[in-house]
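We did not get these values from a lab; they are worked out from the coordinates using the rules stated. Since we're looking at a predicted model, the values are computed, not measured. Note: ideal-geometry Cβ built from the backbone for every residue, glycine included; neighbour counts use all protein chains shown.
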Amino acid sequence: MTGLLLIAEARFEHSFESRLVSCPAISAGDLVEEIMKKNLRICIVVLVVAVPALYAAEPGHPNPYVQGTVVYVQQHKVYSPDSMIGGSNPSDAPLTSRYYAYEVSVRVDCKTYVGRYETPFNYLPSEFTSNQPILVRLTKHVMYFDLPNDPDMKMGIVRRRSDCAQNR
């Protein structure tokens, strides 16, 4: 019986030793993987926070808005459709809609930009009066205005005119 006990103990010790040998290898691999995941998370957080902060703090980074001056404002009442075809019976005429369109001329440096603002209401913000300074951001086809009550106001540019040659 003692012989059987010794064999059983030897098998148990061998399986226990093999577990001890293989367990630290798996644990070390898991530990390294966890450390790498943690370092990757830290790097991502640092990049997400640092890159925009460095870009915003970059010296000489231009303000997208420039100072302009409202030169002229013209209001148009627009009916759609333009023509009233319907014959002699008024009920045959198509439904019409009315909206207001404003053409606003803004001078920035030597150029004058004319933007079109359309609204269903007869309303244009008070910042758009002649000889009024205004902050404007210009793109190829759109003017964006920084207004106190509407910071995202935009107008499509319909015309441009250069006034530099006339001043010389």
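Calculated FRET efficiency, ARG160 to GLN74, Cβ-Cβ distance, R0 = 22 Å: about 0.85 to the nearest 0.05. Near GLN132, the amide H atoms lying under 5 Å from its own belong to VAL70; only residues 5 or more places off or on other chains count, and H is placed 1.01 Å from N. Tell me the chymotrypsin sites (Phe, Trp or Tyr not before Pro) within segment 121-168 that lie in a loop according to DSSP and have at most 16 other beta-carbon atoms within 10 Å. Within segment 121-168, the qualifying chymotrypsin sites (Phe, Trp or Tyr not before Pro) (loop, at most 16 other Cβ atoms within 10 Å) are PHE121, TYR123.
3J(HN,Hα) couplings calculated from phi for segment 29-34 with the Karplus curve 6.51 cos²θ - 1.76 cosθ + 1.60 (θ = phi - 60°) are, in sequence order, x, 5, 5, 5, 5, 5 Hz; Gly and Pro show x. Amide H to amide H distances under 5 Å link MET153 with PHE145, LEU147, where only residues 5 or more positions off or on other chains count and H is placed in the peptide plane.
Phi angles across segment 38-45 convert, under the Karplus curve 6.51 cos²θ - 1.76 cosθ + 1.60 with θ = phi - 60°, into 3J(HN,Hα) values of 5, 5, 5, 4, 4, 4, 5, 4 Hz, Gly and Pro given as x.
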